[in-house]
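Accompanying notes for the structure given below.
The numbers here are math on the coordinates, done by the rules we state, and not lab data. Computed from a predicted model, the values in this text were never measured in an experiment. So basically every Cβ, Gly included, is an ideal-geometry build from the backbone, and we count neighbours across all protein chains shown.
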Amino acid sequence: QEIDQVADLMLESVIKRTNEQQDVVLEITDGLKERMMREGYSPEFGARPLRRTVQRLVEDVVAESVLDGFVERGGSLVLDDTAGAANGLNDAVVVRSGSSEKFVAVATTAGIEDRGGNRAARAAAAASSGAGGAPQTMPQTEPSQFA
């Protein structure tokens with residue numbers, strides 16, 4: 001399938017950059033790749049949301065693991081889906097380096113990745129968040145105030 005090929009190309013690029021720039025060997029499990037393809041595809045937009053999904057689930061997690069010292073130069077990281085761990089939390093990625101393991105929180109889907117499920121609820125909440133539940137309006141001004 002096309003999304004599988006696109007995902008492979010994106011992951012190859014991230015793995016190569018991580019190795020060249022951070023001297024860290026990166027491995028992505030099949031479980032995380034499946035989650036990426038599931039969250040990064042929408043019938044409406046095809047594979048376009050996949051780029052942001054790779055950023056959320058892989059690049060951001062690698063950056064945090066390097067910055068917080070979880071992995072050092074010359075080390076290795078394995079990123080895995082949380083479906084089999086931590087009661088299947090969907091807002092984290094499992095990161096392993098040597099014998100150490102941690103969970104890294106990831107942003108939830110947003111924008112075109114959000115395939116409508118939460119979009120309508122957020123829009124309704126935003127519309128009713130004004131004072132007293134009424135939409136907020138700009139105060140009326142006289143044109144002479146700006147002359």
Notebook entry, point to check: How many nm is it between the label spots at Ala63 and Ser97, if each spot is 7 Å from the Cα in line with the beta carbon?
Noted result: 1.7
Note to self: Using amide H atoms built in the peptide plane, which far-off residues or other-chain residues are under 5 Å from Gly75 H to H?
What the structure shows: Val25
Margin query: If R₀ is 25 angstrom, what is the calculated FRET efficiency for the pair Phe45 and Ala105, using the beta carbon separation as r and rounding to 0.05?
Written below: 0.50
Next item on the list: Using the Karplus curve 6.51 cos²θ - 1.76 cosθ + 1.60 with θ = phi - 60°, work out ³J(HN,Hα) for each residue of segment 46-57 in order, rounded to whole Hz, and write x for Gly and Pro.
Entry: x, 8, 4, x, 4, 4, 5, 5, 4, 4, 5, 8
Checklist line | Length added when fully stretched, Gln1-Ala83, from 0.36 nm per residue minus Cα-Cα | finding: 27.2 nm
Check: Can you run phi through the Karplus equation (6.51, -1.76, 1.60; θ = phi - 60°) for segment 72-83 and list ³J(HN,Hα) in whole Hz, with x for Gly and Pro?
Finding: 10, 3, x, x, 9, 10, 10, 9, 9, 6, 8, 4
Next item on the list: Using a/c under 1.5 as the rounded threshold, could you call segment 2-109 rounded, prolate or oblate? The axes a ≥ b ≥ c are square roots of the C-alpha gyration tensor eigenvalues, and prolate needs a/b larger than b/c, oblate otherwise.
Entry: oblate
Notebook entry, point to check: Listed highest first by mean packing, meaning other Cβ atoms within 10 Å per residue, what order do 20-32, 96-108 come in?
Noted result: 20-32, 96-108
Checklist line | Integer Hz, Karplus 6.51/-1.76/1.60 couplings in order for segment 62-71, x for Gly and Pro | finding: 4, 4, 5, 5, 6, 5, 8, x, 5, 10
